[in-house]
1. Let me spell it out: the conditions are (1) touching a Phe, Trp or Tyr at 6+ places or on another chain (Cβ under 8 Å); (2) in a strand (DSSP E or B); (3) under 22 Å from G105 (Cα atoms), and H53 meets all of them except one. Which number is the exception?
2. Here is a check on your reading of the model: is A25 of a type in the set (A, V, I, L, M), over 22 Å from the mean Cα position of the chain (by Cα), surrounded by fewer than 16 Cβ atoms within 10 Å (Cβ to Cβ) and closer than 16 Å to V56 by Cβ?
3. From the list G194, G165, which residue is touching a His at 6+ places or on another chain (Cβ under 6 Å), surrounded by fewer than 17 Cβ atoms within 10 Å (Cβ to Cβ) and either aromatic (F, W, Y) or in contact (Cβ under 8 Å) with a residue 12 or more places away in the chain (or both)?
4. Select from region 5-35 the residues that are of a type in the set (S, T, Y) and part of a strand (DSSP E or B) and write down the one among them that is modelled with the lowest pLDDT.
5. Would you check which residues across region 64-92 are among the small types (G, A, S) and at pLDDT 75 or above and list them?
6. Within region 52-61, identify whether any single residue is modelled with pLDDT of 85 or more, surrounded by 16 or more Cβ atoms within 10 Å (Cβ to Cβ), outside the structural domain of S188 (by TED's automatic domain parsing) and within 23 Å of A3 (Cα to Cα), and answer yes or no.
7. Only one of L216, L227 is surrounded by 18 or more Cβ atoms within 10 Å (Cβ to Cβ) and at pLDDT below 95. Can you tell me which?
8. Would you confirm, using the coordinates I've provided, whether R177 is at pLDDT 90 or above, surrounded by 11 or more Cβ atoms within 10 Å (Cβ to Cβ) and of a type in the set (K, R)?
Amino acid sequence: MQAVIPWNSDKAHRCPRCHHVTADAPSPWEVYTCCRCGTRFARWPRLQRALRHVGVTCAECTFPHPVPVDGAPYGFLRRSIAGMGGDRLCLFEAWKWTVPDEKGGAQYLNTRSDRLSAVADVANRFSLFGRDEEDDTPLIVVVVDESHDRYGTDDEKLWDDFAEGRAEAYGVGLLTRSPDTRRFLPASETFTWGRVASPGQEGIYTDAARIPDASLRRRWPLLSPPL
């Protein structure tokens with residue numbers, strides 16, 4: 001295990017090695033772990049055996065992005081950072097809640113380099129335990145469009161909606177089961193990106209009618225029975 005090093009007294013909230021913001025309100029009685037470089041640090045490293053080891057506390061990394069199934073809590077995504085500087089990568093961890101009220105523990109599923117693949121991992125967990133394993137009906141997925149330029153628009157109202165969290169950009173498409181691996185994979189030809197709708201639409205759906213925002217619904221010829 002990596003040794004605990006002292007934090008910088010004038011910037012205790014930042015990792016002393018890579019300077020990533022790791023703790024919002026650091027306590028001298030805790031040991032923190034940087035999510036970017038893995039450095040463990042504390043106010044008094046010599047007391048590490050007596051201090052509370054809290055691990056990664058970065059707000060950006062630990063915030064859960066819900067991935068419900070048909071509107072019901074099921075899983076979530078969490079950002080993860082790998083590398084430093086120009087080699088810094090934003091990854092996405094896929095998790096499944098172990099209790100339906102989202103207040104208990106969670107089971108780690110996988111880490112992916114893109115958000116859609118992480119959502120597909122949640123969908124595969126659902127297909128394995130939440131439906132008939134022989135059911136090959138495609139799943140509809142709504143995923144936040146990470147590449148969409150939310151502020152490159154001349155529409156001032158839309159710009160304000162993005163800035164104040166009243167709008168989000170999404171990709172909408174199908175996950176189809178691979179005949180070889182039996183896993184649900186994104187069918188790229190079915191996806192439409194840059195669809196703007198209200199926040200909170202990301203998730204997995206077995207029926208397009210269950211997508212809350214009507215602007216994201218559409219007919220899917222690959223679904224059987226047809227919608």
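1. The number of the failed condition is (1).
2. yes
3. Answer to the check: G194.
4. Selected residue: T33.
5. Residues satisfying the conditions are G71, A72, G75.
6. No, because not a single residue in region 52-61 is modelled with pLDDT of 85 or more, surrounded by 16 or more Cβ atoms within 10 Å (Cβ to Cβ), outside the structural domain of S188 (by TED's automatic domain parsing) and within 23 Å of A3 (Cα to Cα).
7. Just one listed residue meets the conditions, L216.
8. Judged against the criteria, R177 is a match.
The values are calculated or read from the model by the stated rules, or taken from the named source; none is laboratory data. Everything numeric in this text was worked out from a predicted model, so none of it was measured. All Cβ positions, glycine included, derive from the backbone under ideal geometry; neighbour counts span all protein chains shown.
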